[in-house]
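Read the structure below first, then the notes.
The values are calculated or read from the model by the stated rules, or taken from the named source; none is laboratory data. A quick note: this is a predicted structure, and the numbers were derived from the prediction, not measured. We place every Cβ from the backbone using ideal geometry, glycine too, and count neighbours over all the protein chains shown. To get the accessible areas, we keep the full protein, side chains included, count just its heavy atoms, and leave off ligands, DNA and RNA. Shrake-Rupley method; radii C 1.70, N 1.55, O 1.52, S 1.80 Å.
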Amino acid sequence: MYQSKNNNGVTIAMLRAFVCMSKTLNLSKTCEELNATRQTVRRHITDLELIRGAKLFEVVDRQYHLTTEGAASIDEAKALLLQLDSWAGQSALKRNSSKGLQKAQYTDDDGLMFYSQQHSVSQIALNGLPLMRKAFVAWGNAQTLIEHQEMQAIRPYTVLYRMSPAGWVFVDVGSESAYAKWFGWTWSKSAIGKLLNEDDVGDEFNEFIAGAYSRIYEEGGVRLDHLYAYLPKDGGESLPVTFQRMLMGCVFPDGTPGLSVLAIITPQVDIDAVKDLEKPDLPAHLLMDNLAEFAD
């Protein structure tokens, strides 16, 4: 175990070296991306390990690997870097919070604007969509157990994830889920076992889409967001879509944590930043806000 020798604290350079090395798992590539020497990168990582009091990487057969501590720390390090870059005006992702609820805005390379706004979970009970209310009740009755019979009614509409050292892994994609409806049969049937970040769209976009996942995954609970995004329809052109999304912290039969994500394609979104924007004209067959089987 390392002894912490924190004299000057964590620096941005240390975080960048840690995050970049976690992505490349190669010292030469990390040096190239950061435009730094091998000695500098090694020093930044060693200093961060001393501050953290634990090894972040191990080398096996000349190959870098994240340690358990490194894997547990990387999401937080990425989030810190993104937040610092955002404050400095150097990030395509902007976030702020009001009364504990988060708002985010992301601009992609083509200038398309993506928005999300967190809402109080109480809104589900007060005026939630029928499927959202059903899922919330099922999650509570199941006491977060993924395979509980109460969860089976909503399972076709959800996407299930497990966290791995490399990132979020698709465990199950419901045949009636918004993901399957939007991305199509081929994608939904091929996603199982893949990483959420496997499409290499960049850390900022992944943080916009999945930045809230880690906290719910680790702490349990439920989170409600409304989103406006541009996503590739059936693997083709990116089109605008609005949806509500509920994150539910769950537990697999072996006791390990999981994350169940219910997304509902609907024009009924409340996002301050898009109140004056024209809502997407979503085809009726994609809408999930008034599914008959969940109506009161």
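Quick notes
- Normalised by the number of residues in region 118-167, the average gap of Cα pairs under 8 Å and 6 or more apart makes the relative contact order 23 percent.
- Range in the chain, longest, excluding exposed trypsin sites (Lys or Arg not before Pro) [loop by DSSP; at most 10 other beta-carbon atoms within 10 Å]: 100-274
- Most to least accessible of Val169, Val159 (protein chains only, probe 1.4 Å): Val169, Val159
- Region 108-182: C-alpha gyration tensor shape, a/c 1.5 cut-off, then a/b vs b/c: oblate
- Whole-Hz ³J(HN,Hα) from phi, Karplus 6.51 cos²θ - 1.76 cosθ + 1.60, for region 217-231, glycine and proline x: 4, 7, 9, x, x, 9, 9, 10, 10, 10, 9, 10, 9, 10, 10
- Region 1-152, relative contact order in percent, only Cα pairs under 8 angstrom and at least six apart counted: 15 percent
- Cα-based helix-to-principal-axis angle, 38-52 vs the chain, degrees rounded to 10: 70 degrees
- Solvent-free Debye scattering, log10 I(q)/I(0), computed from the Cα coordinates of region 1-142 at q = 0.13, 0.17 Å⁻¹: -0.77, -0.99
- FRET efficiency, 1/(1 + (r/R0)^6) with R0 30 Å, evaluated for Ile12 and Ser97 via beta carbons: 0.90
- Computed over the chain: relative contact order in percent, which uses C-alpha pairs under 8 Å that are six or more apart: 15 percent
- Degrees separating the helix 68-87 axis from the principal Cα axis of the chain, which is the longest one: 80 degrees
- Once backbone amide H atoms are built at 1.01 Å from N, Gly258 has Cys250, Val251, Phe252 as its partners under 5 Å, excluding neighbours fewer than 5 places away on the same chain.
- With a Förster radius of 35 Å applied to the beta-carbon distance between Gln39 and Glu76, the computed FRET efficiency rounds to 0.85.
- Residues with amide H under 5 Å from that of Phe57, placed H, sequence gap 5 or more: Thr67
- Computed log₁₀ I(q)/I(0) - Debye formula, equal Cα scatterers, no solvent, the chain, q 0.10, 0.11 Å⁻¹: -0.60, -0.72
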